[in-house]
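What follows is a set of notes on a single structure, which appears directly below.
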Amino acid sequence: VTIVLDDHLLRDWMTSRDVPLGKAIAGEEVASTNLWYVRLCKSAARATGVDTRRLNSTERRALVAGLIALPGDIVVVPMRDLAWRMGELAADHTGLSALGAEAVAAAIHLEARILVSATDNGPGIRGCRARVGIAHDALPR
Amino acid sequence: LGFGVLTVPVGQARRLLDEIVPAEVHYAAVAEDDDPELATK
């Protein structure tokens, strides 16, 4: 079963790969979504916490872009394959953002389950996935 | 001219990314983002 990670757990998977997260994934295929990845990239593009004073802005951007690039073994379904389903979900479930609709649509497309951080566990996604029968877990962070 | 290669020591990319985007920084950025289509809902 493929596991669709939110941006927080995707960040954790790309950095520390802590034991609870590793156990939750349990060797299954890892996926995320375009919009969760966009949110992570926005944070990376704005981040200033690392000592890169020896780099000019172009070099720094290049470094961050390289570090945030998704490893090839992480699946992201192209938006063109999800757009219609996202539209249907948004039409049928009020209060669902485009990000939430993509998460549920990707899980349906991949026959996957969704795994999110318990710290950022939106009610719209939880409610929608329950109505369409997608498994959804929240990992304490 | 106008071309360069940045290299990161083997095994350091994960640590460097963790420093660039700490978990708490990303949680805060998401909480402050006012784009409704990128909200967790």
Open item on the list: If residue A:98 satisfies all but one of (1) among the small types (Gly, Ala, Ser); (2) surrounded by fewer than 15 Cβ atoms within 10 Å (Cβ to Cβ); (3) farther than 22 Å from residue A:28 by Cα, what's the number of the condition it fails?
Closed with: (2)
Open item on the list: Any residue that is under 18 Å from residue A:29 (Cα atoms), touching a residue at least 40 places away in the same chain (Cβ under 8 Å) and assigned to a loop (DSSP other than H, G, I, E, B) - is there at least one of those in segment A:102-122?
Closed with: yes
Open item on the list: Any residue that is buried (at least 23 other Cβ atoms within 10 Å of the Cβ), modelled with pLDDT of 95 or more and within 12 Å of another protein chain (Cβ to nearest Cβ) - is there at least one of those in segment A:115-128?
Closed with: yes
Open item on the list: Condition first: assigned to a helix (DSSP H, G or I), of a type outside the set (S, T, N, Q) and either within 13 Å of chain B (Cβ to nearest Cβ) or closer than 11 Å to residue A:125 by Cα (or both). Now tell me which residues in segment A:52-86 satisfy that.
Closed with: A:59, A:60, A:61, A:62, A:63, A:64, A:65, A:66, A:67, A:68, A:79, A:86
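The values are calculated or read from the model by the stated rules, or taken from the named source; none is laboratory data. Quick caveat, the model's predicted, so the values are computed rather than measured. All Cβ positions, glycine included, derive from the backbone under ideal geometry; neighbour counts span all protein chains shown.
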